[in-house]
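**Student:** Submitted below is the structure of interest, expressed as structure tokens.
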Amino acid sequence: MEWLTDNKIPVGDAASAVFDWVRDHGDFALEALSDLMEAMIDGILWVLQGPHPLIVVLAFVALTYGLQRNWKTALFVFLGFLFILNQGYWEETTESLTLVLSACLVCMAIGVPVGIYAAHRPGLYNYLRPVLDLMQTLPPFVYLIPAIVFFGIGMVPGLISTVIFVVPAPIRLTYLGISSTPKALLEAATAFGATPAQTLFKVELPYAFPQIMAGLNQTIMLSLSMVVVAALVGADGLGVPVVRALNQVNTGLGFESGFVIVVVAIMLDRILNLGARK
């Protein structure tokens, strides 16, 4: 078997060469991307941390009631935020929400158009599928290495690594929703003289809306699952006390911060679970 190991396929060397080339020749693009991501993060963080915490909580409660029309869900969100305030994790929670919301904006801005484009060109999706499989199955910690190389330490590399890990979800679910539109609906739209744009906005997107919202929900949940990983590259948020608890072998701190993450995840799921609206 020595002949096999002696002729090793240079996967690692090829990846290093690509990253080195991007770092050496893409300084302007990387810096512009970093500035854009940092401005978005700072803006969302200012909105969440600028007002009094109770004002932000009431805004989330109002949003929940507006989307769900269910006072029980709104009450649950209110109590969830009160629990977070009681535990003293408001600042960390707003930082994690900033990371999650930023990742959602970027992932949906990329995932929905790509999913629509792929649904209209099935041959393209056949080539895109293994790339999406690679992005989802590659351990998230691997993304931290080039993120640090390109963007240093902080929230930006945490956001970039989160986006790479999460963006396949909205692409897949948007593709599924658009491609599963019944042919009868498409034929009826064509028969009534609808243009491709009208067919997309008045037939395909409304039919695919539940799948797109499921993609948004998955984007939020996967982004929230990355808060601990992002903390390893200096991203602020609820992942920081989890990592600190791991380093200190502090069971109480670990369960306390971990339970807050669970509460945030459940609240976000309830807020955007439009299929459950009564």
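The values are calculated or read from the model by the stated rules, or taken from the named source; none is laboratory data. Bear in mind that the values here come from a model prediction, so they are computed numbers and not experimental data. Please note: Cβ atoms are built from the backbone with ideal geometry, for glycine as well, and neighbour counts cover all protein chains shown. All accessible areas refer to the heavy atoms of the entire protein, side chains included, with ligands and DNA or RNA removed. Shrake-Rupley method; radii C 1.70, N 1.55, O 1.52, S 1.80 Å.
**Student:** Name the residues in the range 68-94 that are touching a residue at least 12 places away in the same chain (Cβ under 8 Å) and open to solvent by 80 Å² or more (accessible area, probe 1.4 Å), would you?
**Tutor:** 69, 76, 91
**Student:** Check whether at least one residue in the range 158-172 is touching a residue at least 24 places away in the same chain (Cβ under 8 Å), open to solvent by 50 Å² or more (accessible area, probe 1.4 Å), part of a loop (DSSP other than H, G, I, E, B) and closer than 22 Å to residue 96 by Cβ, and report yes or no.
**Tutor:** If we filter the range 158-172 for residues that are touching a residue at least 24 places away in the same chain (Cβ under 8 Å), which is where we start, we get 158-172.
Filter again for open to solvent by 50 Å² or more (accessible area, probe 1.4 Å), leaving 164, 172.
Still in the list and also part of a loop (DSSP other than H, G, I, E, B): none.
Scanning the range 158-172 turns up no residue that is touching a residue at least 24 places away in the same chain (Cβ under 8 Å), open to solvent by 50 Å² or more (accessible area, probe 1.4 Å), part of a loop (DSSP other than H, G, I, E, B) and closer than 22 Å to residue 96 by Cβ.
**Student:** Considering 203, 242, 249, which residue is open to solvent by 40 Å² or more (accessible area, probe 1.4 Å), free of Cβ contacts under 8 Å to residues at least 24 places away in the same chain and of a type in the set (A, V, I, L, M)?
**Tutor:** 249
Table: residues versus (1) of a type in the set (Gly, Ala, Ser); (2) farther than 19 Å from residue 163 by Cα.
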residue	(1), (2)
198	no, yes
214	yes, no
219	no, no
256	no, yes
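**Student:** Taking the range 212-224 as the search range and keeping residues that are among the polar types (S, T, N, Q) and open to solvent by less than 60 Å² (accessible area, probe 1.4 Å), which one is farthest from residue 235 (Cα to Cα)?
**Tutor:** 217
**Student:** Out of the residues in the range 103-144 that are out of contact with any helix residue (DSSP H, G or I) (no Cβ under 8 Å at 6 or more places or on another chain) and of a type in the set (Ser, Thr, Tyr), which is farthest from residue 209 (Cα to Cα)?
**Tutor:** Of everything passing the filter in the range 103-144, 137 is farthest from residue 209 (Cα to Cα).
**Student:** Could you tell me which residue of the range 44-67 is modelled with the highest pLDDT, considering only residues that are surrounded by fewer than 16 Cβ atoms within 10 Å (Cβ to Cβ) and of a type in the set (Val, Ile, Thr)?
**Tutor:** So, considering only residues that are surrounded by fewer than 16 Cβ atoms within 10 Å (Cβ to Cβ) and of a type in the set (Val, Ile, Thr), the one modelled with the highest pLDDT is 55.
**Student:** Within the range 112-121, is even one residue crowded, with 16+ Cβ neighbours inside 10 Å and at pLDDT below 90?
**Tutor:** Narrowing the range 112-121 to residues crowded, with 16+ Cβ neighbours inside 10 Å: 112, 114-119.
Of the ones still in play, those that are also at pLDDT below 90 are none.
For the range 112-121, residues crowded, with 16+ Cβ neighbours inside 10 Å and at pLDDT below 90: absent.
**Student:** Does residue 98 fit the bill of being buried (at least 21 other Cβ atoms within 10 Å of the Cβ), under 29 Å from residue 172 (Cα atoms), modelled with pLDDT of 90 or more and in contact with a Lys or Arg (Cβ under 8 Å, 6 or more places away or on another chain)?
**Tutor:** no
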